[in-house]
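Chemist: Take a look at this one; I'll ask things after.
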Amino acid sequence: MSTTVLTNIGELVTWDPGQPVLTGAALVVDGGTVAWTGPAADAPAADAAYDVGGRAVIPGFVDSHSHLVFGGDRAEEFAARMAGQSYSAGGIRTTVRATRAASDEQLTAHVARLVDEMRRQGTTTVEIKSGYGLSVADEARSLAVARQFTEETTFLGAHVVPEGSEPEEYVALVTGPMLAAAAPHARWIDVFCERGAFDGDQARTILAAGAAAGLRGRLHANQLGPGPGVRLACELGLTAVDHCTYLDDADVDALASSGTVATLLPGVEFSTRQPWPDARRLLDAGVRVALASDCNPGSCYTSSLPFCIAMAVRDMGMTPTEALRAATETGAAALDRDDVGRLTPGARADLAVLDAPSHLHLAYRPGVPLVTETWLAGRRT
Ligand code: NIG
Ligand code: FE
């Protein structure tokens, strides 16, 4: 294994509990792993040196929630929303038609393009869901496509009940043949627990079937209105519950006492004109808060975590440092991972170099492509 020392780092964000943000620091990569961080003057000798030119180095973003496997887009629906129409999850069925009509090659090429787009914006780990196939064959192939790009694949057969199906028979399909076909390609199972999609009892049934097939659970919940999803996720001890826009005090208490990560997806509120989730209230209650893109063709077609960070700081009460942590270390926690999302010795050397002297610029300079380099497992991509 060869070692490389990154020198002349303007600011180094490691999330080391003792000193999470360092100046005048160096970082040594050994193969694909972080071997050492500390004051530049104390850096051990390495086989090669790389001058970062005074730029900030941060952990690569961990995007714990995306729906990248889909055909077509819904730009017209977005334009209509901006002109006053409200968001409807019924639009998911439009994308289901386009996804079923796409070939495996088209779906794969499309995911490759979006993953590359994410990479260029500093994302180094991404979770990808199915959920636009909604038949046994289309869910299985969606996950097989996703699996080519990440180990963090999620079976979301329970996205909505597809056209022509009855809810009860569809839940039986999802928990039976569809789960059997999906499970070999998936690590997680997810349910859209929301009025108009699946209720709390259905979500419980689907998550139990997933657990029996070896999949870990996560939930979409409390996105469009209050509901049972957040409390169910906490009761079941799920790793993460995502959206969390409409929360009452009992939901916040349940999150604070369960350790379940609340993943906020501000791109959705931006693109649907829903109220912002209250990150400050959650953080003040002691809830672990992650930020993710939710990149999908309907409610939010952004792949940019810097954009999500800017919204979280501007409108959701997070400090720039809290927002960066939410998009890195806590995003990793939302995937039950501690090998990514931080730059401490032993972690994977996944990092982003910013064309800025500090991470504060991520929120301070919204819309500006500040990520100039993305490194994956110790290699510049
Ligand atoms: O996370 N909430 C459900 N699913 C997606 C939206 C899907 C769509 O509109 O196509 C979401 O927002
Ligand atoms: Fe989603």
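The values are calculated or read from the model by the stated rules, or taken from the named source; none is laboratory data. These numbers come from a predicted model, not from an experiment. All Cβ positions, even for glycine, are placed from backbone atoms using ideal geometry, and neighbour counts span all protein chains on display.
Chemist: With a cut-off of at least 2 residues that are of a type in the set (V, I, T) and touching a residue at least 12 places away in the same chain (Cβ under 8 Å), name the strands (runs of 3 or more DSSP E) lying wholly within region 13-63.
Modeler: 25-30, 33-39, 56-59
Chemist: Quick check: anything in region 207-217 in a helix (DSSP H, G or I) and touching a residue at least 40 places away in the same chain (Cβ under 8 Å)? Can you show your working first?
Modeler: Our first condition is that a residue be in a helix (DSSP H, G or I); within region 207-217, this holds for 207-212.
From the residues that got through so far, the ones that are touching a residue at least 40 places away in the same chain (Cβ under 8 Å) too are 210.
Among the residues of region 207-217, at least one is in a helix (DSSP H, G or I) and touching a residue at least 40 places away in the same chain (Cβ under 8 Å), which makes the answer yes.
Chemist: Looking only at region 145-172, count how many residues are away from ligand 2 (no atom under 15 Å from the Cβ), under 19 Å from the mean Cα position of the chain (by Cα) and of a type in the set (A, V, I, L, M, F, W, C). Walk me through how you get there before you give the answer.
Modeler: Our first condition is that a residue be away from ligand 2 (no atom under 15 Å from the Cβ); within region 145-172, this holds for 145, 147-151, 161-172.
Going one step further and asking which of them are under 19 Å from the mean Cα position of the chain (by Cα), we end up with 145, 147-151.
Remaining after also requiring of a type in the set (A, V, I, L, M, F, W, C): 145, 149.
Qualifying residue count for the region: 2.
Chemist: Could you tell me how many of the residues in region 237-283 are within 17 Å of D336 (Cβ to Cβ) and either at pLDDT 95 or above or out of contact with any helix residue (DSSP H, G or I) (no Cβ under 9 Å at 6 or more places or on another chain) (or both)? Spell out how you get there, then give the answer.
Modeler: Of all residues in region 237-283, those within 17 Å of D336 (Cβ to Cβ) come to 237-242, 255, 258-263.
Adding the requirement that they be either at pLDDT 95 or above or out of contact with any helix residue (DSSP H, G or I) (no Cβ under 9 Å at 6 or more places or on another chain) (or both) leaves 237-242, 255, 258, 260-263.
The total comes to 12.
Chemist: Can you name the residue in region 69-108 that is among the aromatic types (F, W, Y) and in contact with a helix residue (DSSP H, G or I) (Cβ under 6 Å, 6 or more places away or on another chain) and, of all such residues, is farthest from E194 (Cα to Cα)?
Modeler: Applying the first criterion (among the aromatic types (F, W, Y)) to region 69-108 yields 70, 78, 87.
Next cut, in contact with a helix residue (DSSP H, G or I) (Cβ under 6 Å, 6 or more places away or on another chain) only: 70, 87.
Details: F70: 21, Y87: 14 Å.
Looking at the filtered set, the residue picked out is F70.
Chemist: Is region 321-328 home to any residue that is surrounded by fewer than 23 Cβ atoms within 10 Å (Cβ to Cβ), of a type outside the set (G, A, S) and either outside the structural domain of L107 (by the TED database) or touching a Phe, Trp or Tyr at 6+ places or on another chain (Cβ under 8 Å) (or both)? I'd like the intermediate steps shown before the answer.
Modeler: Just the residues of region 321-328 that are surrounded by fewer than 23 Cβ atoms within 10 Å (Cβ to Cβ), to begin with: 321-322.
Next, only the ones that are of a type outside the set (G, A, S) stay: 321-322.
Now narrow it down to the ones that are either outside the structural domain of L107 (by the TED database) or touching a Phe, Trp or Tyr at 6+ places or on another chain (Cβ under 8 Å) (or both): none.
Within region 321-328, none of the residues are surrounded by fewer than 23 Cβ atoms within 10 Å (Cβ to Cβ), of a type outside the set (G, A, S) and either outside the structural domain of L107 (by the TED database) or touching a Phe, Trp or Tyr at 6+ places or on another chain (Cβ under 8 Å) (or both).
Chemist: Exactly one condition in (1) in contact with a strand residue (DSSP E or B) (Cβ under 6 Å, 6 or more places away or on another chain); (2) among the polar types (S, T, N, Q); (3) crowded, with 24+ Cβ neighbours inside 10 Å is not met by S271; state its number.
Modeler: (3)
Chemist: Which of the residues that make up region 72-87 are assigned to a loop (DSSP other than H, G, I, E, B) and more than 8 Å from ligand 1 (Cβ to nearest atom)?
Modeler: Taking region 72-87 first, the residues assigned to a loop (DSSP other than H, G, I, E, B) are 72-74, 83-87.
G72, D73, A83, G84, Q85, S86, listed by residue number.
Chemist: Taking Y246 as meeting all but one of (1) closer than 23 Å to A186 by Cβ; (2) more than 12 Å from ligand 1 (Cβ to nearest atom); (3) part of a loop (DSSP other than H, G, I, E, B); (4) not aliphatic (A, V, I, L, M), write down the number of the exception.
Modeler: So Y246 meets the others, but not (1).
Chemist: Report yes if some residue within region 168-188 is part of a loop (DSSP other than H, G, I, E, B) and among the charged types (D, E, K, R); otherwise report no. Show your work before the answer.
Modeler: Pass one, region 168-188, residues part of a loop (DSSP other than H, G, I, E, B): 186-187.
Subsequent filtering for residues that are among the charged types (D, E, K, R) retains 187.
Scanning region 168-188, I find at least one residue that is part of a loop (DSSP other than H, G, I, E, B) and among the charged types (D, E, K, R), so the answer is yes.
Chemist: On to the next question. Might you check whether a residue that is buried (at least 24 other Cβ atoms within 10 Å of the Cβ) and under 23 Å from the mean Cα position of the chain (by Cα) occurs anywhere in region 70-89? Reasoning before the result, please.
Modeler: Keep residues of region 70-89 that are buried (at least 24 other Cβ atoms within 10 Å of the Cβ), which gives 70.
Next, only the ones that are under 23 Å from the mean Cα position of the chain (by Cα) stay: 70.
Yes, region 70-89 has at least one match.
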